[in-house]
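Please treat every number below as a calculation from the coordinates, not as lab data. From a predicted model like this one, the values you see are computed outputs, not experimental measurements. Quick reminder, even Gly has a Cβ in these numbers, built from the backbone with ideal geometry, and neighbours come from all protein chains shown.
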Amino acid sequence: MDLWIIQNGEKIGPIHDFDIRKKIEQGELPSSTPAWHEGLPAWKPLIEISLFEREFDRPIEVAVTSEVSADDGGGPGRVGPPPLVASAFLVRRFWARWLDLYTFAGVWWFLLWAVGRDIGATLNNPWSMLFLYVPWFVLECFLLHRFGTTPGKWLLGLKVVNHDGSFLCLADATRRSARVLSIGLGFGWGPLTLICQSMAFFNARRQGSPLWDLAGGHCVIAVPLNPLRIAAYVFLLFAALQLQMIVVAPYVLEAATQMFPSLKEVLEQSPPWHLPKRS
């Protein structure tokens, strides 16, 4: 049987199934490699094609970021594979991203409080807030390069890899993280973050993958979730938010009462608990 595959961002084929088995045995094709043969309604990872199920150990799901022309087969009177339809796991990726960011922010604010920094002054400093997440993305570059994942992505069963299944080189990981920080989050700065996140979501829905993966030629692979990981995710997200609010909330409320004096009486009747200020 002849098949087509997507390798290194290019559609290759037709290739006989014997040759594909040989490439799998030689480690040239990971289980997540998108493939198609006549009779399939859409592209599928090799492991989900019955011809090659025995070649791999465990099932995975794959989100592919390659761009394939809509004119490549699939139309009336055409012979060839259909356009590649990508599933980017947008919901999973969104929550994985924000677990990483909330966890980092919670630890960051707590450490600033522990060493005696003026939290109120930091919150009111636009430059401090603009570059708040930069240290995290420096760390993320290393994590993606070394492990292909981050704590949030690992809990939700996600990995960022090249199309051959290899991890990103440090330069590619750095470029990807820089794009996420600037294009995807707007440096985490208030309303700009909401605008960037909305634009990134709709663009990913339209093109099949976020801009930072399309530009870098990367893909996201995912394993099925299990209840234990979901429970751990919920616990860590709640803990990260609580840690952040313990430090930041008193200063935010204090600023709010200065702007709106009427809130002071309401808060005095039910004062929030907070950490003592460090000098």
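3J(HN,Hα) along the stretch 227-234: x, 5, 5, 5, 5, 5, 4, 4 Hz, from the Karplus curve 6.51 cos²θ - 1.76 cosθ + 1.60 with θ = phi - 60°, whole Hz, x for Gly and Pro. Karplus-based coupling profile of the stretch 12-25, in residue order and whole Hz: 10, x, x, 10, 5, 4, 5, 5, 5, 4, 5, 5, 5, 4, with θ = phi - 60° in 6.51 cos²θ - 1.76 cosθ + 1.60 and x standing for Gly or Pro. Amide H to amide H distances under 5 Å link K11 with no residue, where only residues 5 or more positions off or on other chains count and H is placed in the peptide plane.
How big is the dipole moment of the stretch 127-233 about its Cα centre under a simple scheme where the beta carbon of each Lys and Arg is +1, that of each Asp and Glu is -1, and everything else is neutral? Debye, nearest 20, please.
That gives the stretch 127-233 a dipole magnitude of about 120 debye.
Close amide H contacts of G157 (hydrogens built in the peptide plane, cut-off under 5 Å, sequence separation of 5 or more or a different chain): none are found. Working note: Karplus 6.51/-1.76/1.60 with θ = phi - 60° gives the stretch 240-248 the couplings 5, 5, 5, 4, 5, 5, 4, 7, 8 Hz, where Gly and Pro are set to x.
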